[in-house]
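Encoded as structure tokens, the structure appears first; notes follow it.
The values are calculated or read from the model by the stated rules, or taken from the named source; none is laboratory data. Treat the numbers as computed from the prediction; the structure is a model and nothing was measured. Glycine gets a Cβ as well: all are built from the backbone with ideal geometry, and neighbour counts include every protein chain shown. Remember, those area values only see protein heavy atoms, side chains included, never the ligands or the DNA or RNA. Shrake-Rupley method; radii C 1.70, N 1.55, O 1.52, S 1.80 Å.
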Amino acid sequence: MTVKPDNTSSDTRSNSKGQEMWGGRFSAQPDEVMQAINASIGVDQRLAEEDVAGSIAHANMLAAQEIITEADRDAILGGLDKIIEEIRAGEFKFSVALEDIHMNIEARLKELIGEPAGRLHTARSRNDQVATDFRLWVKSSCTARLDQIESLMKALLKQADAHADWVMPGFTHLQTAQPVTVGHHLMAYVEMFSRDFSRFADAIHRMDECPLGAAALAGTGFETNRYITAEALGFSHPMANSLDAVSARDFAIESLSSIAICAQHLSRLAEEIVIWSSAPFSFVRLSDAWSTGSSIMPQKRNPDAAELVRAKTGRANGSLISMLTIMKGLPLAYSKDMQDDKQIVFEAFDSLDLSLQAMTGMIDSITFNKANLATAAAGGFSTATDLADWLVRELNIPFREAHHITGASVKAAEDKGVQLWDLSLEELQAIEPRITKQIFDVLSVDASVASRQSYGGTAPVRVREQIALWKERLL
């Protein structure tokens, strides 16, 4: 069976035209299957802007170093300007036969300006070209995610501010544990996403060095100035080792790791939205803009956006593992395996882009049901720990003994079908005679929440302090 490249969206120029860019060593044309597996233009045409930017920087450097003439540089720059206009207008003819974005652009440049186009590739290789293009793209994409994460944090902060003292159940094992505030719960996600923000920022810092000029793997014999190209492309400095420059993809792996961790945080929040918006909970209501209906059950309001955000975590994890697997056994320097890195990274960034937008929209428009939250906060004997703490604090009872007394009190309330605060003083004293009526000052949900004033606690006064700090940072 013969497999042919998919040329439906490309203008397939002759194989010989592609081969003339690199094929002096070869006397026969590549097999169609070889062409299909070797071509990457369907994916890496997305690097067109970066590729042209790299070529502009390289041409300027070559002229500054008197490696090419200013006239050739001017012709190259004029041709590249025309090419980027064609690409942005959707008029550029991408060719599978020309394999990748670099050769497609170079071939078109030759069509436009002739012989000077052949001088552009002096002192560089496709190896350092693609490393530069890809690094530029990932760096820009990480920067864009910073803005998106900050927008989500602002949406969470706004909701936390509006609900700083609304009580809700805090869970462990998805069982009611202790009452907390809605503001406190939402601020937990502000903290999580702030760490995601810092991970992307750190990744940007580490990838802020330029591979261009490393050539194929060993550097070049031309008297180039790599600091010129690094500065022109917005990098702080050139990479110090040419082998590392063309073979390193840890910047992509680190970015994928940041994506996977951020996606996991998004998934946890999405899961809570799914649970909270379900009929048995009814803690929140998603707006119609972020809900869908059922084709058969007219009463349904499905949290599909949250579910899809949750699902995309698996794709993010898969992208990270795929990239790690591609790179795990590659000797220095460049290997063609690396051609498969870009589609993985593009898809992961696209997925996170959608997820962050969707989550920000959901959080920004979500509404909370105060009555249902308060009722649930009072359930499950959520203030039992407050009883135990009071026994320790006021009666100097060791905590383990207080724990046992509290457990017996919970059982008594459970047997009667009432809350802890519904037990009479006599019933509590039957369990522990030293208990006084002051115990009822700590058994309510509001009292429990207000008492948690340790740093990082759920007391509204602490929550508002944290909100104020984050407002200074974000607003």
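Does THR313 count as free of Cβ contacts under 8 Å to residues at least 40 places away in the same chain, outside any loop (DSSP other than H, G, I, E, B) and either hydroxyl-bearing (Ser, Thr, Tyr) or over 23 Å from ALA260 (Cα atoms) (or both)? Even if it seems obvious, please write down each step before you answer.
Values: free of Cβ contacts under 8 Å to residues at least 40 places away in the same chain: no; outside any loop (DSSP other than H, G, I, E, B): yes; either hydroxyl-bearing (Ser, Thr, Tyr) or over 23 Å from ALA260 (Cα atoms) (or both): yes.
It is false that THR313 is free of Cβ contacts under 8 Å to residues at least 40 places away in the same chain, outside any loop (DSSP other than H, G, I, E, B) and either hydroxyl-bearing (Ser, Thr, Tyr) or over 23 Å from ALA260 (Cα atoms) (or both).
Which condition from (1) touching a residue at least 60 places away in the same chain (Cβ under 8 Å); (2) open to solvent by 40 Å² or more (accessible area, probe 1.4 Å) is the one that HIS237 breaks?
Against the list (1) touching a residue at least 60 places away in the same chain (Cβ under 8 Å); (2) open to solvent by 40 Å² or more (accessible area, probe 1.4 Å), HIS237 comes up short only on (1).
Confirm whether ARG135 is under 30 Å from the mean Cα position of the chain (by Cα), surrounded by 21 or more Cβ atoms within 10 Å (Cβ to Cβ), under 30 Å from ILE366 (Cα atoms) and not small (Gly, Ala, Ser).
Against the criterion (under 30 Å from the mean Cα position of the chain (by Cα), surrounded by 21 or more Cβ atoms within 10 Å (Cβ to Cβ), under 30 Å from ILE366 (Cα atoms) and not small (Gly, Ala, Ser)), ARG135 does not qualify.
Name the residues in the range 367-385 that are open to solvent by less than 10 Å² (accessible area, probe 1.4 Å) and over 17 Å from GLU414 (Cα atoms), would you? Reasoning before the result, please.
Residues of the range 367-385 open to solvent by less than 10 Å² (accessible area, probe 1.4 Å): 373, 377, 382-383.
Residue satisfying the conditions is LEU373 alone.
Identify, from the list SER140, SER151, the residue that is modelled with pLDDT of 95 or more, more than 18 Å from LEU266 (Cα to Cα), part of a helix (DSSP H, G or I) and open to solvent by 20 Å² or more (accessible area, probe 1.4 Å).
Values: SER151 fails: more than 18 Å from LEU266 (Cα to Cα).
Sole residue among the options that is modelled with pLDDT of 95 or more, more than 18 Å from LEU266 (Cα to Cα), part of a helix (DSSP H, G or I) and open to solvent by 20 Å² or more (accessible area, probe 1.4 Å): SER140.
Tally time: how many residues in the range 183-226 are open to solvent by 40 Å² or more (accessible area, probe 1.4 Å), under 24 Å from TYR334 (Cα atoms) and either in contact with a His (Cβ under 8 Å, 6 or more places away or on another chain) or among the aromatic types (Phe, Trp, Tyr) (or both)?
2
Do you know which of the residues in the range 319-356 that are open to solvent by 20 Å² or more (accessible area, probe 1.4 Å) and not in a helix (DSSP H, G or I) is nearest to SER151 (Cα to Cα)?
LYS328
Just a yes or no: is a residue in the range 172-182 open to solvent by less than 10 Å² (accessible area, probe 1.4 Å) and not in a helix (DSSP H, G or I)? If you could, list the steps in order and put the result at the bottom.
The first filter runs over the range 172-182 and keeps only residues open to solvent by less than 10 Å² (accessible area, probe 1.4 Å), leaving 179, 181-182.
Pick out the ones that are also not in a helix (DSSP H, G or I) and you get 179, 181.
The answer is yes, given that some residue of the range 172-182 is open to solvent by less than 10 Å² (accessible area, probe 1.4 Å) and not in a helix (DSSP H, G or I).
Just checking, does the range 293-302 include any residue being assigned to a helix (DSSP H, G or I) and surrounded by fewer than 22 Cβ atoms within 10 Å (Cβ to Cβ)? Break it down into steps so the answer makes sense when it comes.
Step one: filter the range 293-302 for residues assigned to a helix (DSSP H, G or I), giving none.
No - not one qualifying residue is present in the range 293-302.
Write out, first by first residue and then by second, each pair whose Cβ atoms fall under 8 Å of each other, whose residues are 6+ apart or on separate chains, and whose first residue, in the range 366-379, is touching a residue at least 24 places away in the same chain (Cβ under 8 Å) and among the small types (Gly, Ala, Ser) while the second is part of a helix (DSSP H, G or I) and buried (at least 20 other Cβ atoms within 10 Å of the Cβ).
Between residues of the range 366-379 that are touching a residue at least 24 places away in the same chain (Cβ under 8 Å) and among the small types (Gly, Ala, Ser) and residues that are part of a helix (DSSP H, G or I) and buried (at least 20 other Cβ atoms within 10 Å of the Cβ), the close pairs are ALA374/VAL445; ALA377/VAL445; ALA378/VAL445.
Would you check if ARG268 is open to solvent by 40 Å² or more (accessible area, probe 1.4 Å), assigned to a helix (DSSP H, G or I), more than 30 Å from GLU209 (Cβ to Cβ) and in contact with a Leu (Cβ under 9 Å, 6 or more places away or on another chain)? Walk me through how you get there before you give the answer.
Numbers: open to solvent by 40 Å² or more (accessible area, probe 1.4 Å): yes; assigned to a helix (DSSP H, G or I): yes; more than 30 Å from GLU209 (Cβ to Cβ): yes; in contact with a Leu (Cβ under 9 Å, 6 or more places away or on another chain): no.
Taking the combined requirement at face value, the residue does not satisfy it.
If a residue must be of a type in the set (Asp, Glu), open to solvent by 40 Å² or more (accessible area, probe 1.4 Å) and under 14 Å from GLN45 (Cα atoms), how many such residues does the range 92-132 contain?
Kept after step one, since they are of a type in the set (Asp, Glu), are these residues of the range 92-132: 99-100, 106, 111, 115, 128.
Filter once more, keeping what is open to solvent by 40 Å² or more (accessible area, probe 1.4 Å): 106, 111, 115.
This time we only want the ones that are under 14 Å from GLN45 (Cα atoms), so: 106.
Count: 1.
Which of the residues belonging to the range 160-171 are of a type outside the set (A, V, I, L, M), in contact with a helix residue (DSSP H, G or I) (Cβ under 6 Å, 6 or more places away or on another chain) and assigned to a strand (DSSP E or B)? Even if it seems obvious, please write down each step before you answer.
Applying the first criterion (of a type outside the set (A, V, I, L, M)) to the range 160-171 yields 161, 163, 165-166, 169-171.
If we keep only those that are in contact with a helix residue (DSSP H, G or I) (Cβ under 6 Å, 6 or more places away or on another chain) as well, we get 161, 163, 165-166, 169.
Listed by number, the list holds a single entry, PRO169.
Quick one: count up the residues across the range 405-432 that are part of a loop (DSSP other than H, G, I, E, B) and open to solvent by 30 Å² or more (accessible area, probe 1.4 Å).
Looking only at the range 405-432, we keep the residues that are part of a loop (DSSP other than H, G, I, E, B), and these are 417-419, 423-424, 432.
Retained after the next criterion (residues that are open to solvent by 30 Å² or more (accessible area, probe 1.4 Å)): 417-419, 424.
Residues in the range 405-432 being part of a loop (DSSP other than H, G, I, E, B) and open to solvent by 30 Å² or more (accessible area, probe 1.4 Å): 4 in total.
Which residues, taken from the range 85-126, are in a helix (DSSP H, G or I), within 28 Å of the chain's Cα centre (by Cα) and modelled with pLDDT under 95?
ILE101 - this is the single residue of the range 85-126 that is in a helix (DSSP H, G or I), within 28 Å of the chain's Cα centre (by Cα) and modelled with pLDDT under 95.
Being of a type in the set (A, V, I, L, M), over 47 Å from the mean Cα position of the chain (by Cα) and assigned to a helix (DSSP H, G or I) is true for just one of ILE397, ILE435, ILE467, ILE439. Which residue is that? Show your work before the answer.
Details: ILE397 fails: assigned to a helix (DSSP H, G or I); ILE435 fails: assigned to a helix (DSSP H, G or I); ILE467 fails: over 47 Å from the mean Cα position of the chain (by Cα).
Exactly one of ILE397, ILE435, ILE467, ILE439 is of a type in the set (A, V, I, L, M), over 47 Å from the mean Cα position of the chain (by Cα) and assigned to a helix (DSSP H, G or I), namely ILE439.
Keeping to the range 57-91, report how many residues are open to solvent by less than 20 Å² (accessible area, probe 1.4 Å), out of contact with any Pro (no Cβ under 9 Å at 6 or more places or on another chain) and touching a residue at least 40 places away in the same chain (Cβ under 8 Å). Walk me through it before giving the result.
Taking the range 57-91 first, the residues open to solvent by less than 20 Å² (accessible area, probe 1.4 Å) are 57-59, 61-63, 68, 76, 79-80, 83-84, 86.
Add one more test, that the residue is out of contact with any Pro (no Cβ under 9 Å at 6 or more places or on another chain), and what stays is 57-59, 61-63, 80, 83-84, 86.
Narrowing the set further to residues that are touching a residue at least 40 places away in the same chain (Cβ under 8 Å) leaves 57-59, 61-62.
Total meeting the criteria: 5.
Check whether at least one residue in the range 446-456 is modelled with pLDDT under 90 and not in a helix (DSSP H, G or I), and report yes or no. Before the answer, list the steps.
The initial filter retains those residues of the range 446-456 that are modelled with pLDDT under 90, namely none.
Checked the range 446-456: no residue is modelled with pLDDT under 90 and not in a helix (DSSP H, G or I).
So THR229 passes all but one of these: (1) of a type in the set (Ser, Thr, Tyr); (2) in contact (Cβ under 8 Å) with a residue 24 or more places away in the chain; (3) surrounded by fewer than 18 Cβ atoms within 10 Å (Cβ to Cβ). Which condition number does it fail?
Unmet for THR229, out of (1) of a type in the set (Ser, Thr, Tyr); (2) in contact (Cβ under 8 Å) with a residue 24 or more places away in the chain; (3) surrounded by fewer than 18 Cβ atoms within 10 Å (Cβ to Cβ): (3).
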